[in-house]
Amino acid sequence: MPRPPLDGLIDDLYYLEGAPPYARLTLPPSPAALLIVNLGAPFRIRAGTDIETAEYADGCVVTTPTRAFEFGYPPGTRSVGVHVKPWGLAPFLPMPAAELCDRPVTIEQVWGRRAILSFGTGWPRRTDRARC
């Protein structure tokens, strides 16, 4: 659990590395936001039956999805995820959170190329299979 003041914005954090426990995961509609920083091979998201599957190399941001999203993980996945309270991403977004509802976008689309470079160099890279 994050410490104050982030505990008022974040529900939980997770780290996923190696073989995912599932090849595909369907997330139901949710009043919360989700941030995934991808540190490994790209993953895929399909947001509803009318939207094509898209690949996310750097990660993604989704705010308050009103429909199910299907995540497809590569065999060797590595990511950090943040389940955010419904209002939790708003202080960090350069646009209204409502613009990202039901529309997964890449981290680069939200915070620019510089954010990708920061995440890429700011996270420790491990060469063994140990967990952080």
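All of the numbers you see were taken from the coordinates with simple rules; none came from a lab. Keep in mind it's a predicted model, so treat the numbers as computed, not measured.
Once the chain from Asp12 to Arg44 is taken as fully extended at 0.36 nm per residue, the excess over their C-alpha distance is 9.3 nm. For the range 1-112, the Stokes-Einstein estimate of translational diffusion at 20 °C and a viscosity of 1.002 mPa s comes to 151 µm²/s, using the Kirkwood hydrodynamic radius over alpha-carbon pairs. Could you give the Stokes-Einstein D for the range 1-65 in µm² per second, using the C-alpha Kirkwood radius, 4 °C, 1.567 mPa s? D, rounded to a whole number, is 94 µm²/s. Rounded to a whole number, what is D in µm²/s for the range 57-103 from Stokes-Einstein with the Kirkwood radius over alpha-carbon pairs (4 °C, 1.567 mPa s)? Estimated diffusion coefficient is 105 µm²/s.
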